[in-house]
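Q: My questions will all concern the structure given below.
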Amino acid sequence: MEDILSIGGKRIKNRLFIGTGKFSSYSVMKRVLEESAADVVTVALRRVDNASERENILEYIPKKCLIMPNTSGARTAEEAVRIARLARASGAGDWIKIEVIQDNKYLLPDNLETLKATEMLVKEGFIVLPYMSPDLSIARRLADAGASAVMPLGSPIGSNRGIKTRELVKIMVDELKVPVIVDAGLGSPSSACECMELGCAAVLVNTAIAVAEDPANMAKAFGEAVKAGRLACLSGIPPKNKYASASSPLTGFLRQDD
Amino acid sequence: MGYYETITRYRDFDFNKALNAVLADHVRMAVNGEGLDADQFLSLLSPAAECYLEEMAEKAHEITLRNFGRTIQLYTPMYLSNHCENECVYCGFSAKNDIERRMLTLGEVGSEAESIASTGLKHILVLTGESRKMSPPGYIKDCIKVLKRYFSSIAIEIYPLTEDEYREAVAEGVDGLTIYQEVYDEDIYYAMHPGGPKRDYNFRLDAPERGSRAGMRSVNLGVLLGLDDWRREVFLMGLHAKYLQDRHPEAEIGISLPRLRPHSGSFNAPYSVKDRDIVRMILALRLFLPRLGITISTREDPAFRENLIGLGVTRMSAGSTTVVGGRTAARRGDAHPSQFEILDWRSVEEIKKVLESKGYQGVLKDWMRLEK
């Protein structure tokens, strides 16, 4: 059976979502999206220039990709809502990744404002995916408010530190009914694989791909890691033991009744 | 009391003694550390750190890449007026200079804007001299109304305003504030600014904080390199940036490193600042404040600007002129006084190509106003 992620009525095959900032050019970004066969890409509305033909980032995103605009730059729920409306008005669709950040030092999200923005935007018919600090009770409230998925951070944006929030994300995966997508901080394919093994529905990566020496191949590597982690998760990862247990035990010749 | 408290604390600090006391071990620890404190920042400015330039560059490059990616924000300055009541000894627009004074009409603002917008730039920095009489806040607001039609982000580099005035500017659509202290050393400050409202050191020093409180999204500081020992000045500016980051995390704090150049008057910078020094200050600031915006303007020559890409710079001006009405007047072939000489005359398109060849994207748009 095909393993398909369903969010907001869309069927998503590729569980590696890609962020579009930080690339050395739009053509490099385009090649990454094409070669990694990305299904979902997020674009900061602040970077979109619909008036420009050559400089409009949206023109470089393959037609098959689902564009999820994000509210990068929003400092309050109100600003996030306004950015979401601008995104919709510019023809970018109904998906919105909410990003409300009041802290320019660590770029950590403000969960409270994020919740407020989610409540408002769901009511306006958006498919809302909030970026958040991993917190089970806020995540439950986001889901109750109608968020289509929640996006906890693995570690601060651009930090490449991997999934430092593992324990909290695992609890969210176990307890929530909405998909959990780790967004931010994944610096290497192995950390993306780890998220998928934990049971995350998808991961979102930008910096590690965009600043790699070979972004297209790095995106492919992330894609393979995501697939491997997902397959491992579906296959049932055996529990870890404290002691070694040999695959061919020396006393294996003894039968129960000997 | 604001940031002045810190200035006071360092007033009698013996910078030379502290800098010369730094050992190689201190520098190594700072280069390899994270979350540097003020002492570690200072150690990176010390003579001992000179031997660690390459290590600092590698670390700064890596931090910048992670935080800002392979992008450089592009903007251009637009001079609205050169009327000025100040007597800054280093400035071409000083009230003492007998130059043609000019202020753009709103129609001219529109033509300049159109000329700039045709290059694709969406971020603009508007400048005036300091004259509340000739270019009052009301005039600047009228100009902003015109500029809003062409640009998605507008920053101001004008005389210091009150917090309420900054608030009004934000409401009008301004999202960035640039205001250079020029020199943090108070004695030198008074010597360099013998007359005019700019003599109020504290009103200027507190302007970035008033702007942050008023809701400016980006706040940019600067020291005019050459007026004082660069180590002391860069140190005090770095602490100022950190002070603002700590208290106003919602604002993006940035700095510029303008180096004094010849101008319409005749002033020779008392302190020399070498290319090597500028590189070091960029690296030290990047290691101290990983998220700091760092601007390098067209005061520097093309080759040097190109070499700085990748070391920590996040913003560059392009297609610049420091003449009031420079883009439209230049076409008429008139000679007009400039605030200072620029060395990099390349167009936006040329700068973008250079960045591309270096593996960086020149970003033309990175914000939009959120009008209700």
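Q: Might you check whether a residue that is under 21 Å from residue A:23 (Cα atoms) and surrounded by fewer than 22 Cβ atoms within 10 Å (Cβ to Cβ) occurs anywhere in segment A:163-186?
A: If we filter segment A:163-186 for residues that are under 21 Å from residue A:23 (Cα atoms), which is where we start, we get A:182-186.
Remaining after also requiring surrounded by fewer than 22 Cβ atoms within 10 Å (Cβ to Cβ): none.
The answer is no, given that none of the residues of segment A:163-186 is under 21 Å from residue A:23 (Cα atoms) and surrounded by fewer than 22 Cβ atoms within 10 Å (Cβ to Cβ).
Q: Considering B:4, B:52, which residue is surrounded by 12 or more Cβ atoms within 10 Å (Cβ to Cβ), over 19 Å from residue B:277 (Cβ atoms) and touching a residue at least 12 places away in the same chain (Cβ under 8 Å)?
A: On the way: B:52 fails: over 19 Å from residue B:277 (Cβ atoms).
Among B:4, B:52, only B:4 is surrounded by 12 or more Cβ atoms within 10 Å (Cβ to Cβ), over 19 Å from residue B:277 (Cβ atoms) and touching a residue at least 12 places away in the same chain (Cβ under 8 Å).
Q: Turning to a different aspect of this structure: Residues that are farther than 30 Å from residue B:39 by Cβ, within 14 Å of chain A (Cβ to nearest Cβ) and not small (Gly, Ala, Ser): does segment B:327-338 have at least one? Give the steps one after another, and end with the answer.
A: The first filter runs over segment B:327-338 and keeps only residues farther than 30 Å from residue B:39 by Cβ, leaving B:327-338.
Right, trim to within 14 Å of chain A (Cβ to nearest Cβ) and you get none.
No, segment B:327-338 has no match at all.
Q: Name, by its number, the condition in (1) open to solvent by 20 Å² or more (accessible area, probe 1.4 Å); (2) farther than 30 Å from residue B:215 by Cβ; (3) within 14 Å of chain A (Cβ to nearest Cβ); (4) out of contact with any Leu (no Cβ under 8 Å at 6 or more places or on another chain) that does not hold for residue B:290.
A: Result: residue B:290 fails condition (2) only.
Q: What's the number of the condition residue B:190 fails, among (1) more than 22 Å from residue B:6 (Cα to Cα); (2) open to solvent by 10 Å² or more (accessible area, probe 1.4 Å); (3) not charged (D, E, K, R)?
A: So residue B:190 meets the others, but not (1).
Q: What number goes with the only condition from (1) assigned to a loop (DSSP other than H, G, I, E, B); (2) more than 8 Å from chain B (Cβ to nearest Cβ); (3) of a type outside the set (Asp, Glu); (4) over 18 Å from the mean Cα position of the chain (by Cα) that residue A:37 does not pass?
A: Looking at each condition in turn, residue A:37 falls short on (4).
Q: While we're here: Any chance segment B:126-135 includes a residue that's among the hydroxyl-bearing types (Ser, Thr, Tyr), touching a residue at least 60 places away in the same chain (Cβ under 8 Å) and not in a helix (DSSP H, G or I)?
A: Going residue by residue through segment B:126-135, those that are among the hydroxyl-bearing types (Ser, Thr, Tyr) are B:128, B:131, B:135.
Restricting the remaining residues to those that are touching a residue at least 60 places away in the same chain (Cβ under 8 Å) gives none.
Within segment B:126-135, none of the residues are among the hydroxyl-bearing types (Ser, Thr, Tyr), touching a residue at least 60 places away in the same chain (Cβ under 8 Å) and not in a helix (DSSP H, G or I).
Q: Answer yes or no as to whether residue A:146 is in a loop (DSSP other than H, G, I, E, B), over 25 Å from residue B:249 (Cβ atoms) and at pLDDT below 95.
A: Here the answer is no, as residue A:146 does not meet what is asked.
Q: Which one is farthest from the other protein chains (Cβ to nearest Cβ) among residues in segment B:110-122 that are of a type in the set (A, V, I, L, M) and touching a strand residue (DSSP E or B) at 6+ places or on another chain (Cβ under 7 Å)? Working first, answer last.
A: Within segment B:110-122, the subset of a type in the set (A, V, I, L, M) is B:113, B:116-117, B:121.
Retained after the next criterion (residues that are touching a strand residue (DSSP E or B) at 6+ places or on another chain (Cβ under 7 Å)): B:116, B:121.
On the way: B:116: 14, B:121: 10 Å.
Checking each candidate, the answer is B:116.
Q: For segment A:1-22, how many residues meet the condition of being at the interface with chain B (Cβ under 9 Å from one of its Cβ atoms) and modelled with pLDDT under 90? If you could, list the steps in order and put the result at the bottom.
A: If we filter segment A:1-22 for residues that are at the interface with chain B (Cβ under 9 Å from one of its Cβ atoms), which is where we start, we get A:21-22.
Of the ones still in play, those that are also modelled with pLDDT under 90 are A:21.
Total meeting the criteria: 1.
Q: A further question follows. Output yes when any residue across segment A:82-91 is within 17 Å of the chain's Cα centre (by Cα) and buried (at least 20 other Cβ atoms within 10 Å of the Cβ), and no when none is.
A: Initial filter on segment A:82-91 (within 17 Å of the chain's Cα centre (by Cα)): none.
No; the residues of segment A:82-91 include none that is within 17 Å of the chain's Cα centre (by Cα) and buried (at least 20 other Cβ atoms within 10 Å of the Cβ).
Q: Out of A:107, A:115, A:86, report the one residue that is outside any strand (DSSP E or B), in contact with a Pro (Cβ under 9 Å, 6 or more places away or on another chain) and at positive phi.
A: Working: A:115 fails: at positive phi; A:86 fails: at positive phi.
It is A:107.
The values are calculated or read from the model by the stated rules, or taken from the named source; none is laboratory data. Keep in mind that this is a model prediction, so the values were computed, not measured. Cβ: placed from backbone, ideal geometry, glycine included. Neighbour counts: every protein chain shown. Just so you know, the surface numbers come from the protein's heavy atoms only, side chains and all, with ligands and any DNA or RNA stripped out. Shrake-Rupley method; radii C 1.70, N 1.55, O 1.52, S 1.80 Å.
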